[in-house]
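Undergrad: I have a structure I would like to understand better, so I am pasting it below and will then ask my questions one at a time.
Any read-out appearing in this document is the output of simple, stated calculations on the displayed coordinates, not a laboratory observation. Only a predicted model underlies this, so the values are computations on that prediction, with no experimental measurement involved. Cβ: placed from backbone, ideal geometry, glycine included. Neighbour counts: every protein chain shown.
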Amino acid sequence: MRLTHMSDYAVRLLIYLGTHRERLCTIAEIAHAYGLSEPHLMKITQRLARHGWIRTVRGKNGGMELAHEPRDIRLGALLRDMENDWALVECMGPSNRCTLNGRCGLKGIVAGALDAFMAHLDAHSLADVIPPSGGRVTAPMANPPPALECR
């Protein structure tokens, strides 16, 4: 199992905002700091704002900030909101065509593992992943991930 880039970058964006609580931050600034594409971050920002994770301010002095305290942003809730597909095996999805459907115990086992995974994420907040005050990202990372474009 692997989270999408959208979820990964959404968490990174919130971490950045959590380490710069004293001011509004811009997409350009965050894209530069993490070596990511601005259009991709724009799409993530819009989704986070629409779902109430961040507040955005338009205009010349605009930017974004967290809409909640970091301790109140549960990682499980955030990832449930960002991910579109939690069907880890075919039989968990809406277009199930598995020939073993109903005669295999895998679906229950995987569903239990997913429940445990989500319960673990629910036990943690954004505050748990924000680096100490000395861990601010203000310049491009030494080895940033490749810039990704939205598909």
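Undergrad: What is the extension gain from H5 to A119, computed as 0.36 nm multiplied by their sequence separation minus the C-alpha to C-alpha distance, in nm to one decimal? Intermediate values should be presented prior to the final figure.
TA: Values: separation 114, 0.36 × 114 = 41.04 nm, distance 2.14 nm.
Using 0.36 nm per residue and subtracting the Cα-Cα distance, I get 38.9 nm.
Undergrad: Karplus couplings for the stretch 3-10 from phi (6.51 cos²θ - 1.76 cosθ + 1.60, θ = phi - 60°), rounded to Hz, Gly and Pro as x?
TA: My calculation for the stretch 3-10 gives 6, 5, 4, 4, 5, 4, 6, 5 Hz in order.
Undergrad: With the dipole of the stretch 5-135 worked out from charges on the C-beta (+1 for Lys and Arg, -1 for Asp and Glu) around the Cα centre, which of G63, I109, S7 lies farthest toward the positive end?
TA: The listed residue farthest towards the positive side: G63.
Undergrad: So if I restrict to the alpha-carbon atoms in the stretch 5-135, what is the Rg, and what is Dmax, the biggest pairwise distance, in Å?
TA: Rg then Dmax for the stretch 5-135, in Å: 17.8, 60.
Undergrad: Between A111 and T56, with labels modelled 7 Å along Cα→Cβ, what's the label distance in nm to one decimal, could you check?
TA: Computed distance between label sites A111 and T56 equals 3.7 nm.
Undergrad: Is any residue of the stretch 1-43 close enough, with backbone N under 15 Å, to a label point placed 7 angstrom from the Cα of C98 along the Cα-Cβ axis, and if so, which?
TA: 1
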